[in-house]
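The values are calculated or read from the model by the stated rules, or taken from the named source; none is laboratory data. The model shown is predicted, which means the values in this text are computed figures rather than measured ones. Heads up, the Cβs are rebuilt from the backbone with ideal geometry, glycines too, and the neighbour counts pull from every protein chain shown.
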Amino acid sequence: MELRSLSVRATLRHEQPLGDINRFPTPRKLAGYTGLCPRVYQSGERDLRGPLAKQGPRYLRWALVEAATHACTAPIYRDRYQQTKARIGKQRGAKVAQIDLARRLAEAIWHMLTRNQPFAPKGATDPLAA
């Protein structure tokens, strides 16, 4: 397993906020555990989305956002970041795009830990290209 961000590595190694990765059946469950997903209020036909849930370990959430901040400049993630930022708009676009990228990194971590493989971003030919 190879993670390039020191903060993510330190958080995963020393804090061990995830516990057993097998308790998360899907990557979306892990992303929800990190608190990087919006709150959902549903009743009947009504479906409202609120601010971030911020549930789960705060140091893990911090490390993922920190890693996403640095990943925004990487060529592999730059296009997705720029597209999300432009879609949301000038006022909130950059922060929302970073959170989206942090959520994607959480899903990548789930795949790494469940498959016991090194980090390989989508489209990369070399598994350690990120």
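List of remarks:
- When residues of region 1-50 are limited to those that are modelled with pLDDT of 70 or more and of a type in the set (V, I, T), the one nearest to the chain's Cα centre (by Cα): T34
- Unmet requirement for E66, which otherwise passes all of (1) assigned to a loop (DSSP other than H, G, I, E, B); (2) under 19 Å from P17 (Cα atoms): (1)
- Scanning region 34-46 for any residue that is under 24 Å from R115 (Cα atoms) and in a helix (DSSP H, G or I) turns up at least one such residue.
- Filter pass, T73 being at pLDDT 85 or above, of a type in the set (S, T, N, Q) and part of a helix (DSSP H, G or I): no
- Going through (1) modelled with pLDDT under 85; (2) assigned to a helix (DSSP H, G or I) one by one, T114 falls short only on (1).
- Boolean, R61 is closer than 16 Å to W110 by Cα and exposed (fewer than 14 other Cβ atoms within 10 Å of the Cβ): no
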